[in-house]
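Asker: Quick one: the structure is below, and I'll ask about it shortly.
The values are calculated or read from the model by the stated rules, or taken from the named source; none is laboratory data. None of the values given here were measured: they were computed from a predicted structure. Cβ atoms come from the backbone with ideal geometry, glycine included; neighbour counts cover every protein chain shown.
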Amino acid sequence: MRLYMFEHCSLCFRVRMTAALKRLHLQETVVLDDDNDTMIDLVGKRQIPILVKDDGGPMLESMEMVKYLDAFGGPLLTGIQCAEIVAWEQRVTPMIARLTQPRYPLLGLPEFGTVAALDHYAVRKRQTLGDFVELRDKTRQLLTELTPILEELDGLIESPRAINGTLSFDDVRVLPLLRSAAVVKGLRFPEKVRAYFETMMAATGYQSLPTT
């Protein structure tokens with residue numbers, strides 16, 4: 001199986017972490033941000049992630065990919081799903097985006113390996129987020145807004161090895177967002193969130209992204 005992905009992409013990391021926890025071999029191909037042709041050739045439109053199965057068939061939705069991978073050899077993500085975690089994910093995702101998306105171009109990631117790819121990303125994201133420099137200048141304010149949301153998550157974590165005590169789809173929702181948020185220099189996770197993040201990242205074998 002091959003995953004077409006961006007290194008910074010939290011939806012991509014859902015798939016990557018699931019394969020890692022399942023000990024499944026997943027070939028990873030990083031696509032340049034402006035390489036629309038590769039995506040369109042595979043699935044007829046610009047979208048990431050794309051999972052190409054061993055039979056050559058592509059998959060597009062990240063959680064469907066997670067379910068597909070988890071079915072190999074019997075499911076691992078067997079724990080309950082918590083409505084509070086789903087609601088937390090929906091609230092925190094746009095908050096994290098305002099902190100992280102203006103920073104990704106500064107991290108030397110492979111999807112920005114050419115000037116054209118970097119410019120393509122900047123144009124796309126500025127249309128929805130606004131000026132990157134202005135957003136980075138608001139880091140302290142944005143972190144202040146994020147802190148109580150992280151403290152809410154701290155109160156929901158049952159174990160550093162699984163957010164609800166047993167690995168579930170909630171872990172696939174939360175860990176990629178924490179991996180993204182951790183790029184923000186100066187961000188401090190609450191105690192249980194930090195323990196969970198470090199334990200789960202170690203379990204996947206993946207490194208955290210650089211900070212800036």
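Asker: Looking at Leu11, Leu26, Leu42, which is the one that is more than 19 Å from Leu107 (Cβ to Cβ) and under 17 Å from the mean Cα position of the chain (by Cα)? Steps first, answer last, please.
Answerer: On the way: Leu11 fails: more than 19 Å from Leu107 (Cβ to Cβ); Leu42 fails: under 17 Å from the mean Cα position of the chain (by Cα).
Residue meeting the stated conditions: Leu26.
Asker: Identify all residues within segment 1-31 that are farther than 17 Å from Pro176 by Cβ and touching a strand residue (DSSP E or B) at 6+ places or on another chain (Cβ under 8 Å); write none if there are none.
Answerer: Once the filter is applied, which keeps residues that are farther than 17 Å from Pro176 by Cβ and touching a strand residue (DSSP E or B) at 6+ places or on another chain (Cβ under 8 Å), segment 1-31 yields Met1, Arg2, Gln27, Thr29, Val31.
Asker: I'm checking my understanding of the structure. Among residues of segment 189-204 that are touching a residue at least 40 places away in the same chain (Cβ under 8 Å) and β-branched (Val, Ile, Thr), which one is surrounded by the fewest Cβ atoms within 10 Å (Cβ to Cβ)?
Answerer: Going residue by residue through segment 189-204, those that are touching a residue at least 40 places away in the same chain (Cβ under 8 Å) are 190, 193, 200, 203-204.
Imposing the further condition that a residue be β-branched (Val, Ile, Thr) reduces the set to 193, 204.
On the way: Val193: 23, Thr204: 16.
Among those residues, the one meeting the criterion is Thr204.
Asker: Are any of the residues in segment 82-89 more than 14 Å from the chain's Cα centre (by Cα), of a type in the set (Gly, Ala, Ser) and closer than 21 Å to Leu175 by Cβ? Let's see the steps before the verdict.
Answerer: First, the residues of segment 82-89 that are more than 14 Å from the chain's Cα centre (by Cα): 82-88.
Those still in the list that are of a type in the set (Gly, Ala, Ser) too: 83, 87.
Adding the requirement that they be closer than 21 Å to Leu175 by Cβ leaves 83, 87.
Looking for residues that are more than 14 Å from the chain's Cα centre (by Cα), of a type in the set (Gly, Ala, Ser) and closer than 21 Å to Leu175 by Cβ, one finds at least one in segment 82-89, hence yes.
Asker: Oh, and also: Ile50 - would you say it is at pLDDT 95 or above and either touching a Leu at 6+ places or on another chain (Cβ under 8 Å) or closer than 27 Å to Ala182 by Cα (or both)? First the steps, then the outcome.
Answerer: On the way: at pLDDT 95 or above: yes; either touching a Leu at 6+ places or on another chain (Cβ under 8 Å) or closer than 27 Å to Ala182 by Cα (or both): yes.
Yes.
Asker: Among the residues of segment 140-148, is any hydrophobic (A, V, I, L, M, F, W, C), under 19 Å from Glu84 (Cα atoms) and surrounded by 19 or more Cβ atoms within 10 Å (Cβ to Cβ)? Steps first, answer last, please.
Answerer: As a first pass, look at segment 140-148 and keep what is hydrophobic (A, V, I, L, M, F, W, C): 142-143, 146.
From the residues that got through so far, the ones that are under 19 Å from Glu84 (Cα atoms) too are 146.
Next, from what is left, pick out any that are surrounded by 19 or more Cβ atoms within 10 Å (Cβ to Cβ): none.
Within segment 140-148, not a single residue is hydrophobic (A, V, I, L, M, F, W, C), under 19 Å from Glu84 (Cα atoms) and surrounded by 19 or more Cβ atoms within 10 Å (Cβ to Cβ).
Asker: Against the condition in contact with a His (Cβ under 7 Å, 6 or more places away or on another chain) and outside any strand (DSSP E or B), how does Asp34 come out, does it pass? Even if it seems obvious, please write down each step before you answer.
Answerer: On the way: in contact with a His (Cβ under 7 Å, 6 or more places away or on another chain): yes; outside any strand (DSSP E or B): yes.
Answer is yes for this residue.
Asker: Now for a different question. Which of the residues that make up segment 88-139 are among the small types (Gly, Ala, Ser) and under 18 Å from Phe6 (Cβ atoms)?
Answerer: Ala97, Gly108, Gly113, Ala116, Ala117, Ala122
Asker: Does Leu77 qualify as being part of a loop (DSSP other than H, G, I, E, B), crowded, with 17+ Cβ neighbours inside 10 Å and not assigned by TED's automatic domain parsing to the domain that holds Lys185? Before the answer, list the steps.
Answerer: Numbers: part of a loop (DSSP other than H, G, I, E, B): yes; crowded, with 17+ Cβ neighbours inside 10 Å: yes; not assigned by TED's automatic domain parsing to the domain that holds Lys185: yes.
When the stated conditions are applied, Leu77 passes them.
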